[in-house]
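Some notes on the structure that comes next.
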Amino acid sequence: MKNNTRLSGYRRLCNALTLRIALFAVISSCVISSCDNFTEVGLPASQLTAAAVFEDKATANAAMTDIYSKIRDNGLLTGSLFGLSNQLGFYSDELELYGGETNFYNNALLPSGSEVSELWNSSYNQIYAANAVFEGVENSVSLPVAERDQLKGEALFVRALLHFYLLNAFGDIPYIRTTNYEHNRVVERMTENEVYVLLKADLEQAIFLLPENYISEERVRPNKWTAEALLARVNLYMQLWDEASNAASAVLNQSELYFWEADLDKVFLKESTVTLWQLMPKILGDNSQEAETFSFISGPPPMSALSNSLMDSFTADDQRKTHWTTPVTDGTAVWYHASKYKAIGNTGSAMEYSILFRLAEQYLIRAEARAHQGDLIGAKEDLNKIRHTAGLPDTEATTGAALLDAIILERRLEFFTELGHRFFDLKRTGRLDAVLSPLKAGWNSTDLNFPIPESELLLNPNLSPQNAGY
């Protein structure tokens, strides 16, 4: 009983894959996805065990898709007000706050605050669930090999993805690879390099296990190239330019799967040919949460609007300003909101899902990697691919340094309000202080990392010390 009082965050689910929880996860997933093969397990519901879940294709897949539901609804990657797309928009220079409260906007995050503890806890709970799927499938004796490989690859990809965002948000973190409570309750934080080593190993194994083609028409389950796309991003963040370029090229070379979309109004549709992976809404006919998070119809904005700093970065002929932002006026002032996602609420037949990976990022990853390698011609070709779609001429950058600046600017204009790309770009390139200090009162260099939740440090002293500045 004494140990039970020490459960926290990523450890709270360490004994959760019991009969009742396994049943709940599988049943809820089947309801959401209209699963009709639940009874094929061959056991009455009252006798269904955690092990039995992973002996059947339908219930094993339901356990995996339940994780995607959790990612969609809570934590770092949700498109709601509480996810990184919104919160890091406030924390960087993308959004202005007009109503409501968020300590991200005032860069006033507290170790005792619920904002960071919710991101930490939900992420490690999702990681635990991925580990449970991996271990369950690994121990399965009747699941077909192809199905087992697919699910193991997905679980590894999700584990790597969530650790990637935790690392870049919190700094040094523990990398959790087991559901073993005794191990997890005393874990220590690892350095950035140590985390990346484990993360890359997971991704490389996921790439080996996952199929090249999607197992669903709507690209809501990751394939090999989704994992390759994340590996390209990881290599970019690690400044492994050759590896980043090669991984991005591996994705871009899949011309039978991915086709460039020149119409900006079609990029975020659920059928988009440039989507690598997206999350399906919870209810049939619903659309992305992002549309509701960022849209408003009258001024002043009830919650947020795109910052003047961002809007001033668009040139007059940039079609992304026309197609991906919407002006709202009260007759005197004008505000803009992100309108990449345009379908709000239930439209009978869903038009847009929440996109987590899309092809444009791979062009800009390769452009940046090539620029660092001295391949300015190749870098310009990739950069201009994005610029031309936005209605812009070729870049005027002629030196390596100028080209890198142009790429970072292009990433700002291409990925605004998407999963914190802007904040992470400023952080990884050492530009945070120069950009945010003039814009945000009280900005400190130590604000580059979120605080580790105080409750976690109290429950597991091995997570100490607290991040600097908190």
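What follows draws every value from the coordinates through simple rules; no lab data is involved. Predicted model only: the values in this text are computed from it and were never measured. Don't worry about glycine lacking a Cβ; one is built from the backbone with ideal geometry, like all the others, and counts go over all protein chains shown.
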Response to the item:
Any aspartates and glutamates whose Cα falls less than 18 Å from that of K57, other than same-chain ones fewer than 8 residues away, would be D36, E40, D66, E135, E138, E147, D149, E154
Item to complete: Can you tell me the 0 to 90 degree angle between the C-alpha axis of helix 19-33 and the longest principal axis of the chain, rounded to 10?
Response: 50 degrees
Response to the item:
The answer for the net charge of residues other than G136 whose Cβ lies under 12 angstrom from its Cβ, with Lys and Arg +1 and Asp and Glu -1, is -2
Practice prompt. Report the paramagnetic label zone for A441: residues of the stretch 90-108 whose backbone N is under 18 Å from a point 7 Å from Cα along the Cα-to-Cβ axis.
Written response: 90-93, 95-108
Practice prompt. Could you state the angle between the C-alpha long axis of helix 376-389 and the longest principal axis of the C-alpha atoms of the chain, as a value from 0 to 90 degrees rounded to the nearest 10?
Written response: 90 degrees
Worksheet item: Dividing the Cα radius of gyration by the Kirkwood radius, what Rg/Rh value follows for the chain?
Response: 0.96
Fill in: Pairwise FRET efficiency - S313 versus H388, Cβ, R0 = 25 Å, nearest 0.05
0.85
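Given C-alpha coordinates of the stretch 159-258, what is the ratio Rg to Rh with the Kirkwood estimate of Rh? Mind showing how you got there, number by number?
Working: Rg = 14.9 Å, Rh = 14.6 Å.
In the stretch 159-258, Rg relative to Rh is 1.02.
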Practice prompt. Would you mind checking the tilt of helix 114-138 against the longest principal axis of the Cα atoms of the chain, expressed as 0 to 90 degrees and rounded to 10?
Written response: 50 degrees
Worksheet item: Using all Cα-Cα distances in the stretch 216-421, what percent lands in each 5 angstrom bin from 0 up to the longest?
Response: 1, 7, 14, 18, 19, 17, 12, 7, 3, 1, 0
Worksheet, complete the sentence: Expected sort for 325-335, 289-299 on mean C-beta neighbours within 10 Å, highest first, is 289-299, 325-335
Worksheet item: Plugging the Kirkwood radius over Cα pairs into Stokes-Einstein for the stretch 311-470, at a temperature of 37 °C and a viscosity of 0.692 mPa s, what D comes out in µm²/s?
Response: 176 µm²/s
Worksheet entry | Mean ellipticity per residue at 222 nm, deg cm²/dmol - from DSSP H runs of n ≥ 4 across the chain, formula -39500 (n - 2.57) | -14500 deg cm²/dmol
Discussion item. Let me spell out the model: positive unit charges on the Cβ of Lys and Arg, negative unit charges on the Cβ of Asp and Glu, origin at the Cα centre of the stretch 216-421. What dipole size does that give, in debye rounded to 20?
Written reply: 320 debye
Practice prompt. Determine the sum of side-chain charges near G345: Lys and Arg each +1, Asp and Glu each -1, restricted to other residues whose C-beta is under 10 angstrom from that of G345.
Written response: -2
